[in-house]
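All remarks here apply to the structure that follows.
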Amino acid sequence: MKQPNIPRLLLLFGALLAVLTLAACGSVSAQPMQQSNTPTPELEAAAAPASDADTSEAASTPEALLDVLWAWQSFADQSEVNDITVNDPAQYTLTFGSDGTVAIKADCNNAAGTFTVDGSSLTIQIGPMTMAMCPEDSLSDQYIAMLGDVVSYVFNEDDLVLNLKADAGNMIFAAGEAEAEEAGGEEAAADETGFVGVYRTLLPAADSPGRLVTLTIAEDGAAGMVTDPLNGQPPIIEVGEWEETNEGALQVSLTERNGQAYLQPSVITFEMNGNRLTAIAYDATEYGSSGLNLRKQSETGRMSAASTAKRALIDLDLEAGFALDPFIVSVNGGGEIDVSDLIEDCNGFVNVNPVVSLDWQGDAEFVKAFFVSDHDPMMVVQTPNGEYLCSDDANSLLLDPVLKITDPPTGRYNIWVGSYAENQLIPGILVLTTRPDVDLGTFALGSLIRRPQVPEILPEPELRIDPTVVTEALARFKGDEIVMDETDNNTASADVASEGEIPAFDIPLEGPGELQCTGYISDTPDMVIDWTGDASKLAFFFEGDQDATLIVIGPDGRVLCNDDAVAGENLNPLILVDAPQNGRYGVVVGRLNTDEPLNGKITVTAVESVQPNKLAPAQ
């Protein structure tokens, strides 16, 4: 057996207090009736060794990008106003793979994606990403947003510089280095057995979602095990030593429990199979007939610690006959806990915490849960009596899971949504229902809200008037024209009722008068006169029962418009035409209120003293 290093053993014990871990793969987008907001503490895992960058030649080819752990150092804003210095570059990394994929670490989250290189051009497409809540001072969101805006790259000596679109600035990365551990002034020997690492499993439990067991095997021979009941009770922390037996098995001797020494060590012997440890000699009263099977965890990224106060990502209270049936919740499935340790012949990976914990009350014929996604998820439900139910595919064509519980007993139901591959992120909709007509195969979110699609932001209305409203107005007039001259026919009038719907705001105006016309008009003149004479002026006005606008179209196509004869005093409109040309004039009355017709009289006169009656503004 390797001799334990006492200071390192104390460090291991301290670390075990924090490593009540789960993979930060679950995320929620919903408005549940009750939801825990307890922040989740985090522990940084050991960073994966970076590949050595080739510094023997000028790094000018795409191959120089590949298989290097690039750590973000800073951001140089083009305006030198929003420069960023990254305090902990190891928390913001990216690695370009030879297969065109990119692995991204963004503080407490991890993301995957793809990248494209064409000469010096570089684009990064962000794919699935965990959605853990990082500290307030985290740069996670900015980092991901900037990576999505990368358009090119260049090397500055050994540094990688990513240029953002629109010359917004440059992200500077340095090649990461593997941290070599030193002991006694010499580099620590590499683990020859392959046992060193962190192993985890979720065991069944009757009074909680499960028991999370984490086993840590350290290089210096120290071992530790944390068992978290996930029910608000303190975890059990055991420490001790490990050694490899002559048969190549792992033997763990735990000598302390929560700081108290055992009279006799608790010894567990494991057999290693790939990345799994299976207990072959252990206390059956502690782990039951199903035994203890642990899976080695990823050594890269940051792992979120499971708070014993936070049992699920969402807590719901539902009672039989609940109004919002079906009840839908948007969640992310997937995780790093192998569910085969919970249920035999159930395959998939889940988060240690359920995505939903449901407190059910009342009597119902059944409760059905199903998950709708674009992927291949699975689902586990723990009933109030501690039984675990598993569903993978509804059928050979429908890859989403569904579970129907007949005569559901009251109590707490814990629901996990899992993925076929470890740490795969599967977003989707979890549906809870007691309605027979709500079916996984035919369920569609669009059927719940039947209103037509309407843009959230309406475009500005296009008020540009059709030019033919003016240019062809006189041609459309089919009524009787009024002939006028300077003799006895020097004044004419016509009663009108305007019900126009065409906005006159964009009518092109010429000559003196209004800068912009107003009101709503028809495309046919309300009155047409045929003028002959040498009068110095022609007066056009309207006298009505409400505010109006007046438009005159002259023989030469010129358009004049007026709203008020005297601004602020007389709302009846008046237009004076100096030295009027001989020919046809069209007169159009516009209304300002489209809710009712506008009634009144148009008058055209060569008598300068004639003025419209006064229509005072409403007080």
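Computed values, structure above
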read-out	value
Surface/4 estimate of mean projected area, convex hull on alpha-carbon atoms of region 88-174, nm²	5.9
Rotationally averaged projected area of region 363-508 (alpha carbon convex hull; nm²)	20.0
Residues whose placed amide H lies under 5 Å from that of residue 152, excluding near-sequence neighbours	122, 163
Normalised per residue, the volume of the convex hull around the Cα set of region 550-619 (Å³)	108
Radius of gyration and maximum dimension Dmax of region 132-177, Cα, Å	12.3, 36
Heavy atoms of residue 285: accessible area, 1.4 Å probe, square angstrom to 10	130
Region 324-400: Rg to Rh, with Rh as the Kirkwood radius over Cα pairs	0.94
Within region 153-173, backbone nitrogen closer than 15 Å to the virtual label 7 Å beyond the Cα of residue 82 toward Cβ	164-171
Paired Rg and Dmax values of region 375-449, which use every Cα atom, in angstrom	13.3, 37
Bins of 10 Å, starting at 0 and running to the largest distance - Cα pair percent for region 209-281	19, 49, 28, 4, 0
Prolate/oblate/rounded call for region 78-122, Cα gyration tensor, a/c under 1.5 rounded	oblate
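The values are calculated or read from the model by the stated rules, or taken from the named source; none is laboratory data. Quantities reported herein were computed from a predicted structural model and do not represent experimental measurements. Virtual Cβ from ideal backbone geometry, glycine too; neighbours counted across all protein chains shown. Each accessible area value is taken on the protein alone, full model and side chains, heavy atoms only, with ligands, DNA and RNA left out. Shrake-Rupley method; radii C 1.70, N 1.55, O 1.52, S 1.80 Å.
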